[in-house]
Amino acid sequence: MPATPFPKAVLFDLDGTLLDSAPDMLAAVNAMRAMRQLPGIPLEALRPHVSKGARAMVAAAFPHIDAATREEWIPEFLDHYQRELGRHGAPFDGIEVMLAAIEDAGSVWGIVTNKPEYLAKQLIPLLGWEQRCAVLIGGDTLARRKPDPLPLTVAAQRIGVAPEQCIYVGDDERDILAARAAGMPSVVALWGYRLSEDDPFAWQGDVMVDEPAVLAAAEAWPATP
């Protein structure tokens, strides 16, 4: 029997999928709290909200503040986060093994994130990925972001691979919704960030994976044409 091939291309979400960035985010919100003479919050209080974005994290850190005021604080949060970028977080265990296996197979990989592009571009070199990541799409790179499929289809176009021959890996429901709308097989990254009420089984991704190292084996990936 011939060996199962790796997919031609894999696109990844960033926070909660490739990168355990919650410690950087925690430093940012706790800097904001310190400026307001409030004690820091623990990592476990913030971690489930990270994949939901800046607004969800600020809301988790300041639940007693009205939504309009929290919205005004988003630029402040991003400024603090930029200062903490890459200082505390790291790739999840097994990510480098998985990426090396993809590269050794002659396949390419890239990142489609809702993180602002300027922050993602600053972060990638800190991880040593600037020469390895074939495409990077941020949340403000295009007119629409996930769960809209546009970022995924544009990423596939830029690397010259048909969407159905790419696989998208993410830890949030909007990742799986975007992949489905783009015609891309999907992998649910169960090692990522989820709220207690999130049900990844209901997202109906093609494959659910508990840890990144599993994806170092070609047969763990969904089939592509």
Considering residues that are part of a loop (DSSP other than H, G, I, E, B) and in contact (Cβ under 8 Å) with a residue 24 or more places away in the chain, the number found within the range 130-161 is 14
Of the residues in the range 19-49, those that are on the phi < 0 side of the Ramachandran plot, over 18 Å from the mean Cα position of the chain (by Cα) and not in a helix (DSSP H, G or I) come to Arg36, Leu38, Pro39, Gly40, Ile41, Pro42
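Suppose we keep only residues that are farther than 17 Å from Gly192 by Cβ and part of a helix (DSSP H, G or I) within the range 207-225. Which one would you say is nearest to the chain's Cα centre (by Cα)? Talk me through it step by step, then tell me what you get.
First pass over the range 207-225, keeping only residues farther than 17 Å from Gly192 by Cβ: 216-219, 221-225.
The next check asks that each one be part of a helix (DSSP H, G or I); those that pass are 216, 218-219.
Values: Ala216: 18, Ala218: 21, Glu219: 23 Å.
Taking the candidates together, the pick is Ala216.
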The residue that is nearest to Leu14 (Cα to Cα), considering only those in the range 178-209 that are buried (at least 19 other Cβ atoms within 10 Å of the Cβ) and of a type in the set (Ser, Thr, Tyr), is Tyr193
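Out of everything in the range 14-47 that is acidic (Asp, Glu) and in contact (Cβ under 8 Å) with a residue 40 or more places away in the chain, what residue ends up being surrounded by the fewest Cβ atoms within 10 Å (Cβ to Cβ)?
Asp20
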Here is a check on your reading of the model: is Asp175 acidic (Asp, Glu) and open to solvent by 50 Å² or more (accessible area, probe 1.4 Å)? no
### Boolean, Glu76 is under 30 Å from Lys8 (Cβ atoms), in a helix (DSSP H, G or I), among the acidic types (Asp, Glu) and open to solvent by 20 Å² or more (accessible area, probe 1.4 Å)
no
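Under the condition of being of a type in the set (A, V, I, L, M, F, W, C) and out of contact with any Leu (no Cβ under 6 Å at 6 or more places or on another chain), which residue from the range 84-99 is most open to solvent (accessible area, probe 1.4 Å)?
Taking the range 84-99 and keeping what is of a type in the set (A, V, I, L, M, F, W, C), we get 85, 90, 92, 95, 97-99.
From what's left, out of contact with any Leu (no Cβ under 6 Å at 6 or more places or on another chain): 90, 92, 97, 99.
On the way: Ala90: 47, Phe92: 31, Val97: 86, Leu99: 0 Å².
Only one residue fits best here, namely Val97.
The values are calculated or read from the model by the stated rules, or taken from the named source; none is laboratory data. It should be emphasised that the depicted structure is a prediction, and the values quoted were computed from it without experimental measurement. Don't worry about glycine lacking a Cβ; one is built from the backbone with ideal geometry, like all the others, and counts go over all protein chains shown. Only protein heavy atoms, including side chains, enter the accessible area calculation; ligands, DNA and RNA are left aside. Shrake-Rupley method; radii C 1.70, N 1.55, O 1.52, S 1.80 Å.
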